[in-house]
Amino acid sequence: MRAALAVLAAGAVLTACSGSDPEKPEAEPSASAVPTPLDGEPVGIADVDGRPWVVLVGDGAVLTGDATRVKVGDAPLRIVDTPAGVWVSVIHDGTVVRIDPATGEVDRRVKVRPAGSEPEGLAWDGSSLWVVDQAGERVLELDGDGRLQASYDVGQAPWLVGAGDSGVFVTNYGGTSVSRVADGEATTVPVVGCVGAQGVVEAAGKVWVSCTVSHKVVVLDPATLEQLGEVTDLTDADAVVADGTTVYVVGQSGPTVYAIDAESEELVSTTRLGDTAATQENVGAAVVGTDLVVTHPDVGLFTLPLG
């Protein structure tokens, strides 16, 4: 399912047109536009003790902060740091795998049931690990050791998940909707005009969702999922992260970093990091120390100093 959706999205990104707005900041070149080459198709990325850990999809491994490659399985995708260890979703194996950062070795491997489950997005809310099961159209709540606590139905073809102060939010890429889990209940709400819902983060009391095929980010009320606003002309918007009151949306082409003031919902800068075309996989992003580190599976890593 994921491969078919990825091809469909890539085709839409290449053929869709994004209107221009003379008031939007023009793209500026970055002083760090030269990527760090990295084979193995880097996608997922996380800050682990102030250093980037990168998921290498094609290599079936995680590249740790000290450049050790830890084999985790067939087609790993996402990664999140927790107090119990660093968890990775491995979609083709149907597993979530934990790496001990002290030893750099896998110390836990959990098979997601039933057979055929497809672990994708990951998030940590401070006490629970949240795992999107794309095939099962659900999100799972696990404890720090990977034991199942609860399962919640979400929308069609869910991909990513973000944990915030107001709940846990799941983007349903194939369903043009967003789901919220809070107080033991899940609610799914359609987001009109958001085709290819993907990245998600809660910042400044709002939920920010990238719409890859629609080339924009929508702003939602965290309690009701009612749409409050949108920021348009963000070409193939994908990864979304926040640093304080700044939301960073990363477009696949370039890749390009769009910085948005979360209070005013205004685009404040656009930085094109390179000249790479949109990918049929995904780009990733994480704030690591004082940098925004961006992955592109066809190229490697880009580092953009913040502030």
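Rule-based calculations on the coordinates, nothing more; no lab input. None of the values given here were measured: they were computed from a predicted structure. All Cβ positions, glycine included, derive from the backbone under ideal geometry; neighbour counts span all protein chains shown.
For this structure, a couple of remarks:
- Segment His92-Glu263, extension gain: residue separation times 0.36 nm, minus the distance between their alpha carbons: 57.6 nm
- Rounded to the nearest whole Hz, the Karplus-based 3J(HN,Hα) values (6.51 cos²θ - 1.76 cosθ + 1.60, θ = phi - 60°) of the range 44-52 follow the sequence x, 8, 8, 7, 10, 6, x, 10, x, with x at glycine and proline.
- Nearest-0.05 FRET efficiency for Arg51 and Lys111, computed from C-beta distance (R0 30 Å): 0.55
- Charge tally for Gln149 (other residues, Cβ to Cβ under 15 Å; Lys, Arg +1; Asp, Glu -1): -4.
- Length released on extending from Gln156 to Asp39, taking residue separation times 0.36 nm less the Cα-Cα span: 38.9 nm
- The range 39-99 versus the range 237-297: alpha-carbon centroid distance in Å: 20
- For Ile91, residues with placed amide H under 5 Å, excluding near neighbours: Leu77
- Under 24 Å, Cα to Cα: Lys pairs in the chain, sequence gap 8 or more or different chains: 4
- FRET efficiency for Arg69 and Glu226, using Cβ-Cβ distance with R0 set to 51 Å, rounded to 0.05: 0.70
- Packing-based ranking, highest mean first, of 220-230, 117-127, 294-304 given that Cβ atoms within 10 Å are counted: 294-304, 117-127, 220-230
- Within the chain, helix-based [θ] at 222 nm, where runs of 4 or more DSSP H residues each add -39,500 (n - 2.57), nearest 500: -1500 deg cm²/dmol
- Global geometry of the range 42-104, whether rounded, prolate or oblate, following the gyration tensor of its Cα atoms and the 1.5 cut on a/c: prolate
- Overall dimensions of the chain as given by Cα atoms, namely Rg and Dmax in Å: 17.6, 53
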